[in-house]
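> Sharing a structure here in structure tokens format.
Readers should treat all values here as calculations from the given coordinates under stated rules, not as data from a laboratory. These figures come from a predicted structure and were not determined experimentally. Methodologically, a virtual Cβ is constructed for each residue, glycine included, from the backbone with ideal geometry; neighbour enumeration extends over all protein chains shown.
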Amino acid sequence: MSPLADSNSMNKKELIEATLLRAGHSGLAKKDAEALLNTLIDVIKECVAGGDEVTLKDFGTFTLVHHRERRGFNPVTGEEMLISGRTFPKFRPGKGWVSMVGEERSVS
């Protein structure tokens, strides 16, 4: 559990509050921090939707993954069917973050 969250999950509001807490007396207002986070999320979504890869060093990479059309089986009837291809966003955490999480789990 994060020392900044009350539970094992953190929502957007709690993330903004934790960011402000970490920033200390930077003069950043809560509404400005929220606007900044919303803008960051929107820019990442727009870039990835447009086919760009977004990499934030020491954090991770946002990309699009394409799955082509394939044949499958209906589990109820056993009938063969065509599963259409699809594209969806993917996040791959950075190596530094992965190793940090691994170190924290081994210490606990």
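> Based only on other Cβ atoms within 10 Å, what is the fewest-to-most ordering of 42, 52?
Numbers: 42 10, 52 13.
The order, fewest Cβ neighbours first, is 42, 52.
> Per residue of the chain, what 222 nm ellipticity follows from adding -39500 (n - 2.57) for every DSSP H run with n ≥ 4, rounded to the nearest 500?
Here the helix-only value at 222 nm equals -13500 deg cm²/dmol.
> When we measure straight from the Cα of residue 13, which lysines land under 16 angstrom away, once same-chain ones fewer than 8 places off are left out?
Within the straight-line cut-off, residue 13 pairs with 30, 31.
> Quick query: amide H of residue 60 versus all other amide H atoms, modeled in the peptide plane; which residues come in under 5 Å with a sequence gap of 5 or more or a different chain?
94
> Hey, another quick one. Going by how many other Cβ atoms sit within 10 Å of their own, how do 100, 10, 81 line up, fewest first? If you can, show how the numbers build up before the last one.
Working: 100 13, 10 16, 81 10.
Fewest to most other Cβ atoms nearby, the residues stand as 81, 100, 10.
> Determine the gain in length on full extension of the stretch residue 87-residue 54; use 0.36 nm per residue of separation and subtract their C-alpha separation, reporting nm with one decimal. Write down the numbers at each step before the final one.
On the way: separation 33, 0.36 × 33 = 11.88 nm, distance 1.63 nm.
Here the segment from residue 87 to residue 54 would lengthen by 10.2 nm.
> Would you list which lysines come within 17 Å of residue 90, measuring only between C-alpha atoms, while excluding same-chain residues fewer than 8 positions from it?
Within reach: 45, 57.
> Remind me, relative contact order of the chain in percent, using alpha carbon pairs under 8 angstrom and six or more residues apart? Kindly include the intermediate steps, with their values, before the conclusion.
Details: 106 pairs, mean separation 18.7, N = 108.
For the chain, the relative contact order is 17 percent.
> Considering only DSSP states other than H, G, I, E and B, which GluC sites (Glu not before Pro) in the range 13-108 qualify as loop sites with at most 10 other Cβ atoms within 10 Å?
Working: sites: 14, 17, 34, 46, 53, 69, 79, 80, 103, 104; in loops: 53, 69, 79.
Taking the range 13-108 and a limit of 10 other Cβ atoms within 10 Å, the loop GluC sites (Glu not before Pro) found are 69, 79.
> Check each of the trypsin sites (Lys or Arg not before Pro) in the range 1-81 and keep only those in coil by DSSP with at most 10 other C-beta atoms within 10 angstrom; list them in order. Please list the in-between numbers first.
Values: sites: 12, 13, 22, 30, 31, 45, 57, 68, 70, 71; in loops: 57, 68.
Sparse-neighbourhood loop trypsin sites (Lys or Arg not before Pro): 57, 68.
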